[in-house]
Amino acid sequence: MGALDSLRALAWAELSSIKTKDELVLFKSRFLGKNGQLRQILASLGEMEIKDRILLGQGANKLKEELEEKIAQKQIDLANINEQTNLKEIIDITEPGLILAKGFSHPLSIIASEIFDCLSRLGFEKAQGPQIEHDFYNFEALNIPKDHPARDMQDTFYIEKNIMLRTHTSPVQIRAMLAKKVPPLKIMSFGRVFRKDEDVTHSPMFHQIEGLYVDEKVSLSDLKGTLETFVMSIFGKDASIRLRPSFFPFTEPSIEVDVSCFLCKNDLTCKICKGSGYIEILGAGMVDPEVFHACNYDSERYSGFAFGLGIERIAMLKFGISDIRLFFENDLRFLHQF
Amino acid sequence: MKVSLNWLNDYIDFKNDLSHKEISKALVSAGLEVEHIEHFGEGESADVVFSLNITPNRADALSHLGIARELCAYFDLPLRSFMLSPVEMAGLTHERASIDIEDAEDCFRYAIRVVEGVKICESPDWLKNRLLACGICPINNIVDITNYVMLSRGQPLHAFDFDKLSKEGNRTKIFVRRAKESEEILLLNHRSEKLLNKDLVIADQNGPVALAGIMGGFESSISESTENIIIESASFNQKNIRMTAKRLGLSTESSFRFERGVDPNGVLDSLNYAARLIAEITTGKVTREPVESYKKRFEPIEVGMRLERAREFLGLSKESFDEDVLRKKFVALGIETVAKRGSAIYFRIPTFRLDITREIDLIEETIRMIGFDKVLSKTVGNPQNEFLFIDKNSEKIKKNISAYLVARGFYEAINYAFNQKDFIELFLASDQRDFLIDIKNPLSNRYGVMIPSLLPGLLNNVSYNQRNQEKEILLFETGVVFLKRQKENLEPNQKMLDQDLSQDSYALEEEMVSAVLCGNFDFPYMKGIVENCLKLFNLKTDFLNKNIYFCSDLKEVYFHPGMSANIYYRDQKLGAMGKLHPSIKESMGLSSDIYMFELSVKKISQAMPKEIAYIPFSRFPSVERDIAFLLDEEIKVDNLLSLIREIEKYQEILRDIKVFDIYRQDALGPNKKSVAVSLKLQSNDRTLNEEEVDAFIAKYIDIVKEKTGGSIR
């Protein structure tokens, strides 16, 4: 009995001084392990008398249970202490984060991809054509014959007599219709276009995006619905449109599309709409039968609509930029704002 | 549900010229999915059995009659009708029994007949065969007939032993009521169920005798000693049946049909048909005039359909939308025309078609009859072929490289597509200048030629920003560059458009992604960016798997000749990178070192693997070993790594080999460098042991020492 009592006293003393989980593991194996002290005592049972043996055996089992219980309790205590110390750590969360390099997309790219996203949801597929164009694709097939006054609307840069920098993205429509001989066709084209003009709101190079949809029974109502969806997607769901008759050689009827001013409500001093309540943003219309003829489409069977707009203008309106040249200076102080 | 072809023949004369394949096609086309077809029986009883998967809305199709109706409409064949009413030999039914329905909402209609003097025995072979073909086990003639009528007409029936029901005098009273709380019933399956108030039961004076619509009670069931029977034919509310069947986990052929809805107006026909068959097959005598309770009658509803709307909605041509044909097919389905008002036709929907209540349901029925193959393919929303006009990969390349560069700190720039001629000529060797494209009428000579590269513009931007005291300038641009063709294309040629919209152009127009790095950067930093741009598209630069090579065979004169490289995939040049040529740097007045690269979008698109194939990875532990070699400057890193290939079967355990540190210092000796190499070894089929790893490393070291004259540090 004496052996058990002294073992118990020893164990309690050691246990109370344990501070870590590792120490506890060692303690457990020293007292309860295969070659632990309790086992050693039990090993001596064989030499004892039967009465003592039972007594000692019972005592040893009792001690074993006590030890297991205390060890389990100690484990919980240690975990609690551990958690409390861990949670005591406090950092200054107002210290600055690590400064990692971060670049910026160009504002024109941002607007262009917003428009792409909207138009692809509407089922328009991207198409792309060259930027140095033949007269045929840029003008003639679009119902702008030579010596037509409409050519003056788009002052052109020439490379050769009939080779020019495209003045709009519309030649891509012609290319797409000629390539896909049978409608339906639903495309958008985006890219650089060039016109001889340079001032605060005009740049000799700018970007256009254009949509074209040709199929049986395409009507003006399809165009209107598309434009409304488009405008709401770009200018917010409160935006509305106003359609005005206009003239483009390649559409009939031709429409100028205004969007309701997002800055003011008919404020005569409004810098953006100048009090009209509307801002001109894009041109549109139903594809002129002459254009279909040039592309060998049956204009009796098929109809279609087209619309186009300048990315710079939208970006200037949306970001409040007043000088178009800022887009092409690539000043980091400008670019890092987007 | 299983459907027997022989059985269908009772309803339709297929005229023998229809194969079971054609019938199967018709079933599928009508929306009755054929899961499989099997041959059943031999000789005279040979049969073909269709296993159909009937959608839950088509309660009416859970019978041979229902399926026959569909086939008649499909093949334009008449539906055969036959005598259903029995020969009535015994006394009046109402003298034997009466019905009491507690709530007409629970049980819409309940009808019975009594048959007296039946002899219970096995069914005749034809009957047994039909049941077996449909997967139902024959039991005895009465039960078999009730099952037969169910499979035939979709009406579940139940037969009670008349003599086991309680009587007042010799009249029995049948109650259709909710169970009393804790009422119990011993069912045909020998299970005793404790019932709830929600459960609907059939009861006599003494208590429940059947779980309505689900299963009969054991006590009142047909046994060998049965002589007189009551046949029940009813229509129960779907909800009760579903709830009870679900709660008790009991799904029977009967409950399956009641859950989906059984037409109250078919109740009597089926009862009569069963009575007739019993009279024919057994010796039983049918009582006169069935007794029934049908308080709230179900009337056919009328639904209108605007023809033009249906045609447009379904995208059918005028030719494939024939009103007369459609109406004829509808008649075959039991859907009769009642009126034509304006452009709409009004149809009377039979009460067994629970699924037709709205115009759109009729439109669906229309296309089921006309067939989806007649719908015109018109791609309104999207063109037939996405990316018909542009290279899909090119779009992805531009987008992903841009996103990566932005994340790496680059600013996106956009420059004019024209520039000053003498400035651009700085970037070209004299023989390349002929390919420049002049603008005849430029706004000013600042915009005189089309750009052959995006880099001059980006360098202009660097110069501009340096004047604004910017120290670190990382810029990139995506855009088209221009060069004259060898042979000028002055006239349009529309044929060329068929391959690519951008063909048939005057100039060679190539889309590039170009970037400049100005600040505290070096060649390896830029190379890392370039390699990552390529890795985005599964183009690899790691030593063992690389498909990208760097070569210093440049023609561009704007790079430092000793610090620049062409980037190749096989023999295809994807782009170039390097340090800006010092003479351009000087003439532009630029400060600090500038590194730059340009990549062709189209070339990357052509080079990138189209599909990614997963390679199983080893699940065994890997070992990494680092070795530092002291080498002469002349030994190129690539040569050093290549020496690993001299070890036989090195691929078996070498997973990766890479240089992780290069170090030069006077202490190493003149013209010396230290190159630290890291090797990762791993086997696909075992854990490598120390000895083989050591042996492999030792072998590599020996080879390096021997071939390079280098040593270990």
Tell me, for chain A, which Cys residues have no other cysteine's C-beta sitting closer than 4.7 Å.
A:C118, A:C295
Place a +1 charge on the Cβ of each Lys and Arg in region A:88-240 and a -1 charge on the Cβ of each Asp and Glu, then give the dipole magnitude about the Cα centre in debye, rounded to the nearest 20.
520
Computed D for region B:252-397, Stokes-Einstein, Kirkwood radius over alpha-carbon pairs, 20 °C, 1.002 mPa s, to the nearest µm² per second, is 109
Structure shown: which of B:K398/B:K658; A:K146/B:K484; A:K126/B:K610 lie over 23 Å apart, alpha-carbon to alpha-carbon?
B:K398/B:K658; A:K146/B:K484
Starting from the Cα coordinates of region A:1-75, work out the convex hull volume and express it per residue in Å³.
67
Please report, in whole Å, how far the alpha carbons of region B:203-338 spread along each principal axis, starting with the longest.
65, 39, 27
Electrostatic dipole magnitude of the protein assembly as shown [Cβ: Lys, Arg +1; Asp, Glu -1; Cα centre; debye, to 20]:
920
Which is farthest toward the positive dipole end of region B:400-531 among B:M496, B:F423, B:Y525, measuring Cα position about the Cα centre, with Cβ charges +1 (Lys, Arg) and -1 (Asp, Glu)?
B:F423
If the label point is 7 Å along Cα→Cβ of A:D199, which residues in region A:296-320 have backbone nitrogen under 19 Å from it?
A:310, A:312-314, A:316-317
Span from the region B:301-376 Cα centroid across to the region B:562-583 one, whole angstrom:
69
Mind giving me the FRET efficiency for B:H39 and A:A79? R0 is 60 Å, r the Cβ-Cβ distance, nearest 0.05 is fine.
0.30
Could you state the per residue volume, in Å³, of the convex hull enclosing the Cα atoms of region A:187-287?
121
Ignoring ligands, DNA and RNA, what percent of the 1.4 Å accessible area of region B:150-201 is carbon and sulfur?
46
Apply 1/(1 + (r/R0)^6) to the Cβ-Cβ distance of A:A72 and A:L4, taking R0 = 22 Å, and write down the FRET efficiency to the nearest 0.05.
0.60
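Leaving out ligands, DNA and RNA, what percent of the accessible area of region B:592-638 is carbon and sulfur, probe 1.4 Å?
Values: 1600 of 2820 Å².
Solvent-exposed carbon and sulfur of region B:592-638 make up 57 percent of the total.
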Between region A:52-67 and region A:220-246, how many Å separate their Cα centres?
90
5 Å-binned pair-distance histogram of region B:577-625 (Cα, whole percent):
5, 12, 12, 9, 8, 9, 12, 12, 8, 6, 4, 1
Out of B:I635, B:I615, B:M596, whose Cα points farthest toward the positive end of the dipole of region B:585-657 (charges: +1 Lys, Arg; -1 Asp, Glu; placed on Cβ)?
B:I615
Under the Debye formula (equal points on every Cα, no solvent term), log10 I(q)/I(0) of region B:317-453 at q = 0.21, 0.22 Å⁻¹:
-1.20, -1.24
Kirkwood hydrodynamic radius of region B:519-601, from inverse mean 1/r over distinct Cα pairs, in Å
13.3
Enter the mean number of other protein chain beta carbons within 10 Å of the beta carbon of each residue in B:414-427, as an integer.
3
From zero outward in steps of 20 Å, how is the percent of C-alpha pairs of chain B spread across the bins?
13, 27, 16, 20, 19, 5, 0
Which value at 222 nm does chain B reach when only helices count, each DSSP H run of 4 or more adding -39,500 (n - 2.57), with the total divided by all residues and rounded to the nearest 500 deg cm²/dmol?
-8500 deg cm²/dmol
Rotationally averaged projected area of region A:5-131 (alpha carbon convex hull; nm²):
19.6
Give the separation of the Cα centroids, region A:111-176 to region B:433-498, in Å.
19
On a 0 to 90° scale, report how tilted helix B:455-467 is relative to the longest principal axis of chain B, with both axes built from alpha carbons and the result rounded to the nearest 10.
70
Please compute the average number of Cβ atoms from other chains found within 10 Å of each residue's Cβ in peptide A:322-335.
4
Of B:G284, B:L326, B:I301, which is farthest along the charge dipole of region B:284-335 in the positive direction, counting Lys and Arg as +1 and Asp and Glu as -1 at C-beta?
B:G284
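Using the eigenvalues of the Cα gyration tensor, what equivalent ellipsoid semi-axes result for chain A when each is taken as the square root of five times the eigenvalue, whole Å, largest first?
86, 25, 19
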Rounded to the nearest whole number, the per residue volume of the convex hull around the C-alpha atoms of region A:113-176 in Å³ is 102
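Give, to the nearest whole percent, the P(r) tail of region B:138-207 beyond 14 angstrom, counting all Cα pairs. Please report the intermediate quantities before stating the final value.
Values: 1674 of 2415 pairs.
Every Cα pair in region B:138-207 considered, those over 14 Å come to 69 percent.
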To the nearest 10 degrees, how steep is helix B:141-153 against the longest Cα principal axis of chain B, on a 0 to 90 scale?
50
Please state the charge dipole magnitude for region B:241-351, taken about the Cα centre, from unit charges on C-beta atoms (+1 on K and R, -1 on D and E), reported in debye and rounded to the nearest 20.
380
Could you list, bin by bin from short to long, the percent of Cα-Cα pairs of region B:556-713 in 10 Å steps?
9, 25, 26, 27, 11, 2, 0
Sticking to Cα atoms, compute the Rg of region B:75-120 to one decimal and its Dmax as the biggest Cα-Cα distance, whole number, in Å.
16.7, 47
Compactness of region A:69-226, expressed as Rg and Dmax over alpha-carbon positions, Å
29.9, 104
In nm², the average projected area of the convex hull spanned by the Cα atoms of region B:19-75 is 4.1
Take the Cα pairs of the protein assembly as shown, get the Kirkwood Rh, then feed it into Stokes-Einstein at 25 °C and 0.890 mPa s and tell me D in µm²/s.
63
Pairwise Lys count, region B:180-258 - Cα closer than 14 Å, eight or more residues apart or different chains
4
On alpha-carbon atoms, Rg over Rh for region B:416-551 using Kirkwood Rh?
1.04
Long-range tail of P(r) for region A:260-338 (Cα pairs > 15 Å, %)
69
With region A:162-208 reduced to its Cα atoms and the Debye formula applied, log10 I(q)/I(0) at q = 0.17, 0.24, 0.29 1/Å amounts to -0.58, -0.87, -1.05
Among all the lysines, which ones have a C-alpha under 21 Å from A:K70's C-alpha, if same-chain residues fewer than 8 places away are not counted?
A:K19, A:K21, A:K28, A:K34, A:K62
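The values are calculated or read from the model by the stated rules, or taken from the named source; none is laboratory data. The structure presented is a predicted model; accordingly, all values stated were derived computationally and were not measured. Counting neighbours? That spans all protein chains shown, and the Cβs are built from the backbone with ideal geometry, glycine included. Just so you know, the surface numbers come from the protein's heavy atoms only, side chains and all, with ligands and any DNA or RNA stripped out. Shrake-Rupley method; radii C 1.70, N 1.55, O 1.52, S 1.80 Å.
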